[in-house]
1. What share of Cα pairs, in percent, lie more than 19 angstrom apart in the range 124-188?
2. May I have the convex hull volume per residue, in Å³, for the Cα set of the chain?
3. Distances longer than 14 Å among the Cα atoms of the range 8-47: what percent of all pairs is that?
4. Distance between the C-alpha centers of the range 29-82 and the range 149-164? Whole Å please.
5. Give me the percent relative contact order of the chain, please, defined on Cα pairs under 8 angstrom at least 6 residues apart.
6. Over all distinct alpha-carbon pairs, what is the Kirkwood Rh of the range 82-163 in angstrom?
7. What length, rounded to one decimal in nm, is gained on full extension from E166 through to E26, with 0.36 nm per residue of separation minus their alpha-carbon distance?
8. Which order do the peptides 94-106, 54-66 come out in when sorted by mean C-beta neighbours inside 10 angstrom, highest first?
Amino acid sequence: MGRWEPNARGRLAKAALELYSERGYEQTTVAEIAKRTGLTERTFFRHYADKREVLFDGSNALQELFVNAVAGAPQSAPPIDAMAAGLAAVSEVFVDRRAHARQRQAVIVANAELQERELIKLASLSAALADALRRRGIAEPAASLTAEAGVAVFKIGFERWIEAAEERTMAQLMQESMDELKAVTAGG
């Protein structure tokens, strides 16, 4: 019996991402993930519902942070500026995580099931953001349009941030993407 080590959840996530990168998502089993960490499959399932959720574990916390930042923006801020506040807040989560984000995204892009899961998470994020905007008094369709635009800016900014040669921060890229959206909508 091995010596107990802390952070089973983190170790499982790290091992899963490594194995998915090495062998592919579909070829990796929960048993292999658990074995790599010296844990049991039962321990894996105490932390994750299935092997997909390892890759999407932080989605709920990220959504909550984004929504709270939008909700907490000054009441006088236009909807798009409230969305920019949310983008700035979530950018902070990714500081020093570019290598991990690149590795995770490569695994997702290589698997249709994971791409579908990512789209579901983004749709959920958009719905939550639209709800936050409606609670700020923004009527439809402006709330939903702004939320969808915010998610698009997040997606484009993230994709730019994980490019191999990119060195700018996520916050810079989110701001640039938001500025570009504002320019496009202003007819620029």
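1. Pairs farther apart than 19 Å: 41 percent.
2. Convex hull of Cα atoms, per residue: 136 Å³.
3. Tail of P(r) above 14 Å: 33 percent of Cα pairs.
4. Answer, in whole Å: 18.
5. That works out to 20 percent.
6. 13.7
7. That works out to 47.4 nm of additional length.
8. 54-66, 94-106
Readers should treat all values here as calculations from the given coordinates under stated rules, not as data from a laboratory. Small disclaimer: the values here were computed from a predicted structure and weren't measured. Ideal geometry is used to build each Cβ from the backbone, glycine not excepted, and the neighbour counts take in all protein chains shown.
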